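Enquirer: One structure follows; several queries about it will come next.
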Number of protein chains: 2
Amino acid sequence: MPRVVRVGAAQMGPLQKGEGRAVAVERMIDLLEQAHEEGCNLVVYPELALTTFFPRWNMDDESEIDAYFEADMPNADTAALFDRAKAHGIGIHLGYAEIAGTEEKRRHFNTAILVDGAGETVGRYRKIHLPGHGEYDPERHFQHLEKKYFEIGNLGFPVWRTMGGIFGMCICNDRRWPETYRVMGLQGVEMVLIGFNTPSTNSQRPEEGAEMRTFHNELSVQAGAYQNATWVVAVAKAGVEDGFELLGGSVIVHPSGQIVAKAESMGDELIVADCDLDETAFYKQTIFDFARHRRIEHYGLITSRTGAEPPE
Amino acid sequence: MPRVVRVGAAQMGPLQKGEGRAVAVERMIDLLEQAHEEGCNLVVYPELALTTFFPRWNMDDESEIDAYFEADMPNADTAALFDRAKAHGIGIHLGYAEIAGTEEKRRHFNTAILVDGAGETVGRYRKIHLPGHGEYDPERHFQHLEKKYFEIGNLGFPVWRTMGGIFGMCICNDRRWPETYRVMGLQGVEMVLIGFNTPSTNSQRPEEGAEMRTFHNELSVQAGAYQNATWVVAVAKAGVEDGFELLGGSVIVHPSGQIVAKAESMGDELIVADCDLDETAFYKQTIFDFARHRRIEHYGLITSRTGAEPPE
């Protein structure tokens, strides 16, 4: 049986602070309908797809913060998207800000879920590598307060057997860390789904702009794909939100590391590729046959030491 | 004090099976003299720089095999190179096949050493990720018998404080494994030195040629550089050895992941770059500040599991 997943990477343009979820969901449904016309069976939306990228705003009022979060998914705002995807038999990957836990101890995560073509939520991932900082930082050109608003993900990097293959997820800054892909690679992952919101300039080095940051995005996801012989689908929220620009450049990457599709705009844009999961096999069985080649006895520092410790 | 290392990456063209070490050493001295004229203080030679890439030949006779190995370094064949480097005050990185151990239990390694400008051998690395296979394989278009001729390196991935910075080494196929760079990154490495002999076609997929394999070389070393905020110097033995072609494309890579110098020929060629080790600091202190961002509690599989184990 062929194992081709026809993936639609649904890049989204900006969502302004003043825009509600209805704006986002209507545009997501438009992208879904395009994907349906193109024959996709999986649509990948970005990180925090339902609102503006709110970690750029410093907020202390709990209800103001929580207004960006979802306690249930699907919910009244998103049900139409879920219903339409199920009606088309299309799986979706969706990033959003999640409130979990109990009423007494609410927990906030930067989350992505994977929903299969029957509408079942088959996977959930909570972002582990939170970038930025935990308190207002006047030295930065703009704020990136993910460490303030989110807890570190508590679900690890699992993979799921669904839609004919083995799928994994990570979110935005996770993609820069080779450990992310490797933990999934050690579970045989065949396709990694990633949403991102990446400012087009470095908040701590403003001369580092979109060209370098696009290079870093591609370098990270291409290396993760190649070194683990997996497809990678990396999808941006792009464009100018209230004066702050986010990178575009959504890509679908082959297990060889080569980019097979790339977004050209800074707006809502669907890119499509037929991803044959069996094309992961060659490298998994040869140069990246982990069982034959990995030498875990020499990797100890990776899990025993967190920070860098230079020699005396 | 500025910490600029002026590096000469000394790519070498082919060495035929019938050529002795004198041919190699004479050419290495020519490259050293060029580096001296260019003001270099470190010259990086390739993997197994003194002989043809012999793992392509299937041999069983012990003395035939051992003829490619060195019991001492420097030795009579290489003393002139070491003397000249010391006279110029230039450090060298040299890859060679090493016989270690005792007379009763000789051990064979694929080794690289780092010699400082005063002629002291300050570092030794033995290749850990041996590619290829351990027995003659008639299915391959050509042989790659590193697992037959070498033991797995037994020295880990150490780093050394020398020449004003923190240096690490790895060899050829090691560069494709993110664990290699990360173990050194966790020791604060500022420059990783790599020699390689990489066939221009894949022995198990002959349609995969030089273009893809050059892409994989660059992807691996650029990702390793960026994700650990370190300089990487990757140096080829290139060109056609007895009908078998090796990749060129030696590169010097900035801690941003960008290539700052690249060889253009398939022969002996020196490429030079001024590498300011302080340029590793920005990413080490921000996006790749491991102490703030790494989450070793979620990396367990990397050191507890060798091979990939897909879910049921």
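Enquirer: Restricting attention to segment B:141-151, does a residue exist that is within 9 Å of another protein chain (Cβ to nearest Cβ), of a type in the set (A, V, I, L, M) and more than 21 Å from B:Val44 (Cβ to Cβ)?
Expert: First, the residues of segment B:141-151 that are within 9 Å of another protein chain (Cβ to nearest Cβ): B:147.
Still in the running and of a type in the set (A, V, I, L, M): none.
Within segment B:141-151, not a single residue is within 9 Å of another protein chain (Cβ to nearest Cβ), of a type in the set (A, V, I, L, M) and more than 21 Å from B:Val44 (Cβ to Cβ).
Enquirer: Of the conditions (1) over 23 Å from A:Ser256 (Cβ atoms); (2) more than 7 Å from chain A (Cβ to nearest Cβ), B:Arg175 fails just one. Which one is it?
Expert: That leaves (1) as the condition not met.
Enquirer: Out of the residues in segment A:13-66 that are closer than 18 Å to A:Phe109 by Cβ and among the aliphatic types (A, V, I, L, M), state the one that is farthest from the chain's Cα centre (by Cα).
Expert: A:Met59
Enquirer: Let me ask you something else. Quick one: in segment A:302-312, which of the residues that are out of contact with any Gly (no Cβ under 9 Å at 6 or more places or on another chain), of a type outside the set (Gly, Ala, Ser) and facing chain B (nearest Cβ under 7 Å) is surrounded by the most Cβ atoms within 10 Å (Cβ to Cβ)? Walk me through it before giving the result.
Expert: To start, the set of residues in segment A:302-312 that are out of contact with any Gly (no Cβ under 9 Å at 6 or more places or on another chain) comprises A:302, A:304-307, A:312.
Filter once more, so that each one left must be of a type outside the set (Gly, Ala, Ser): A:302, A:305-306, A:312.
In the following step, the residues that additionally are facing chain B (nearest Cβ under 7 Å) were identified as A:302, A:305-306.
Working: A:Ile302: 23, A:Arg305: 16, A:Thr306: 17.
In this case the residue turns out to be A:Ile302.
Enquirer: Can you tell which of B:Glu245, B:Glu208 is over 23 Å from B:Ala97 (Cβ atoms), surrounded by fewer than 24 Cβ atoms within 10 Å (Cβ to Cβ), among the charged types (D, E, K, R) and more than 8 Å from chain A (Cβ to nearest Cβ)? Lay out the reasoning, then the answer.
Expert: Details: B:Glu245 fails: over 23 Å from B:Ala97 (Cβ atoms).
It is B:Glu208.
Enquirer: Return the pair list, or none, for Cβ contacts closer than 6 Å from residues in segment A:116-140 that are free of Cβ contacts under 8 Å to residues at least 40 places away in the same chain to residues that are part of a strand (DSSP E or B) and surrounded by 21 or more Cβ atoms within 10 Å (Cβ to Cβ), at least 6 apart or on different chains.
Expert: Hits for this filter: A:Arg126/A:Phe109; A:Arg126/A:Thr111.
Enquirer: What is the number of the single condition among (1) farther than 15 Å from A:Leu42 by Cβ; (2) of a type outside the set (A, V, I, L, M); (3) in a helix (DSSP H, G or I) that A:Phe82 does not meet?
Expert: Checking A:Phe82 against (1) farther than 15 Å from A:Leu42 by Cβ; (2) of a type outside the set (A, V, I, L, M); (3) in a helix (DSSP H, G or I), the one that fails is (1).
Enquirer: Check A:Val235, A:Val253 and return the single one that is farther than 27 Å from B:Thr306 by Cα and in contact (Cβ under 8 Å) with a residue 24 or more places away in the chain. Even if it seems obvious, please write down each step before you answer.
Expert: Values: A:Val253 fails: farther than 27 Å from B:Thr306 by Cα.
Result: A:Val235 is the single residue among A:Val235, A:Val253 that is farther than 27 Å from B:Thr306 by Cα and in contact (Cβ under 8 Å) with a residue 24 or more places away in the chain.
Enquirer: Name the residues in segment B:81-133 that are modelled with pLDDT of 95 or more, surrounded by fewer than 13 Cβ atoms within 10 Å (Cβ to Cβ) and not charged (D, E, K, R), would you?
Expert: If the condition is that a residue be modelled with pLDDT of 95 or more, surrounded by fewer than 13 Cβ atoms within 10 Å (Cβ to Cβ) and not charged (D, E, K, R), then B:Ala87, B:Gly89, B:Ala118 are the ones that fit.
Enquirer: Pick out the one residue from B:Ser256, B:Ser265, B:Ser250 that is closer than 30 Å to B:Arg182 by Cβ, small (Gly, Ala, Ser) and more than 14 Å from chain A (Cβ to nearest Cβ). Step through it out loud before you land on a result.
Expert: Working: B:Ser256 fails: more than 14 Å from chain A (Cβ to nearest Cβ); B:Ser265 fails: closer than 30 Å to B:Arg182 by Cβ.
Of the residues listed, the single one that is closer than 30 Å to B:Arg182 by Cβ, small (Gly, Ala, Ser) and more than 14 Å from chain A (Cβ to nearest Cβ) is B:Ser250.
Enquirer: Taking the conditions exactly as written (in contact with an Asp or Glu (Cβ under 7 Å, 6 or more places away or on another chain) and at pLDDT 95 or above), does B:Val272 satisfy them or not?
Expert: Values: in contact with an Asp or Glu (Cβ under 7 Å, 6 or more places away or on another chain): yes; at pLDDT 95 or above: yes.
Taking the combined requirement at face value, the residue satisfies it.
Enquirer: Test each condition in (1) surrounded by fewer than 20 Cβ atoms within 10 Å (Cβ to Cβ); (2) at the interface with chain B (Cβ under 10 Å from one of its Cβ atoms); (3) closer than 26 Å to A:Arg126 by Cα for A:Tyr299 and report the one that comes out false.
Expert: Result: A:Tyr299 fails condition (1) only.
Enquirer: Quickly run through segment A:1-46 and pick out the residues that are within 18 Å of A:Asp276 (Cα to Cα) and of a type in the set (A, V, I, L, M). Before you say what the answer is, go through the steps one by one.
Expert: Going residue by residue through segment A:1-46, those that are within 18 Å of A:Asp276 (Cα to Cα) are A:1-9, A:35, A:38-44.
Selection gives A:Met1, A:Val4, A:Val5, A:Val7, A:Ala9, A:Ala35, A:Leu42, A:Val43, A:Val44.
Enquirer: Scan segment B:277-302 for residues that are of a type in the set (Asp, Glu) and in contact with a Phe, Trp or Tyr (Cβ under 9 Å, 6 or more places away or on another chain) and jot them down. Before you say what the answer is, go through the steps one by one.
Expert: From segment B:277-302, those of a type in the set (Asp, Glu) are B:278-279, B:289, B:297; that's our starting set.
B:Glu279, B:Asp289 - these are the residues of segment B:277-302 that are of a type in the set (Asp, Glu) and in contact with a Phe, Trp or Tyr (Cβ under 9 Å, 6 or more places away or on another chain).
Enquirer: Tell me, yes or no, whether segment A:40-57 has at least one residue that is of a type in the set (Val, Ile, Thr), crowded, with 24+ Cβ neighbours inside 10 Å and touching a helix residue (DSSP H, G or I) at 6+ places or on another chain (Cβ under 9 Å).
Expert: Pass one, segment A:40-57, residues of a type in the set (Val, Ile, Thr): A:43-44, A:51-52.
Those still in the list that are crowded, with 24+ Cβ neighbours inside 10 Å too: A:43-44.
Within this subset, residues satisfying the condition of being touching a helix residue (DSSP H, G or I) at 6+ places or on another chain (Cβ under 9 Å) are A:43.
Looking for residues that are of a type in the set (Val, Ile, Thr), crowded, with 24+ Cβ neighbours inside 10 Å and touching a helix residue (DSSP H, G or I) at 6+ places or on another chain (Cβ under 9 Å), one finds at least one in segment A:40-57, hence yes.
Enquirer: Taking into account only those residues within segment B:189-213 that are over 17 Å from the mean Cα position of the chain (by Cα) and assigned to a helix (DSSP H, G or I), which is nearest to B:Phe54 (Cα to Cα)?
Expert: Applying the filter and picking the extreme gives B:Ala210.
Enquirer: Still on this structure, I have one more. Kindly establish whether A:Lys147 is modelled with pLDDT of 95 or more, touching a Leu at 6+ places or on another chain (Cβ under 6 Å) and either charged (D, E, K, R) or under 30 Å from A:Arg294 (Cβ atoms) (or both). Write out each step before concluding.
Expert: Numbers: modelled with pLDDT of 95 or more: yes; touching a Leu at 6+ places or on another chain (Cβ under 6 Å): yes; either charged (D, E, K, R) or under 30 Å from A:Arg294 (Cβ atoms) (or both): yes.
Here the answer is yes, as A:Lys147 does meet what is asked.
Enquirer: Go through the residues of segment B:189-203 one by one and say whether even a single one is at the interface with chain A (Cβ under 8 Å from one of its Cβ atoms), in contact (Cβ under 8 Å) with a residue 24 or more places away in the chain, at negative phi and hydrophobic (A, V, I, L, M, F, W, C).
Expert: Scanning segment B:189-203, I find no residue that is at the interface with chain A (Cβ under 8 Å from one of its Cβ atoms), in contact (Cβ under 8 Å) with a residue 24 or more places away in the chain, at negative phi and hydrophobic (A, V, I, L, M, F, W, C), so the answer is no.
Enquirer: For residues that are part of a loop (DSSP other than H, G, I, E, B) and within 23 Å of B:Gly153 (Cα to Cα), tally how many sit in segment A:262-306.
Expert: Residues of segment A:262-306 part of a loop (DSSP other than H, G, I, E, B): A:263-268, A:286-289, A:294-295, A:299-300, A:305-306.
Now drop any that are not within 23 Å of B:Gly153 (Cα to Cα), which leaves A:286-289, A:294-295, A:299-300, A:305.
Within segment A:262-306, residues that are part of a loop (DSSP other than H, G, I, E, B) and within 23 Å of B:Gly153 (Cα to Cα) number 9.
Yes/no matrix, rows are residues, columns are (1) assigned to a strand (DSSP E or B); (2) within 17 Å of A:Gly257 (Cβ to Cβ); (3) within 9 Å of another protein chain (Cβ to nearest Cβ); (4) not small (Gly, Ala, Ser):
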| site | (1), (2), (3), (4) |
| --- | --- |
| B:Trp160 | yes, no, yes, yes |
| B:Gly168 | yes, no, no, no |
| B:Glu179 | no, no, yes, yes |
| B:Gln187 | no, no, yes, yes |
| B:Phe215 | no, yes, yes, yes |
| B:Ser220 | no, yes, yes, no |
| B:Gln227 | no, yes, yes, yes |
| B:Val233 | yes, no, no, yes |
| B:Ala236 | yes, no, no, no |
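Enquirer: If you don't mind, another one. Quick one: which of B:Asp289, B:Asp276 is surrounded by fewer than 20 Cβ atoms within 10 Å (Cβ to Cβ) and more than 10 Å from chain A (Cβ to nearest Cβ)? Quick ask: steps written out before the conclusion?
Expert: On the way: B:Asp289 fails: more than 10 Å from chain A (Cβ to nearest Cβ).
The unique qualifying residue is B:Asp276.
The values are calculated or read from the model by the stated rules, or taken from the named source; none is laboratory data. Note that the coordinates shown come from a computational prediction; the quantities given were computed from them, not determined experimentally. Every residue, glycine among them, receives a Cβ derived from its backbone with ideal geometry; neighbour counts consider all protein chains shown.
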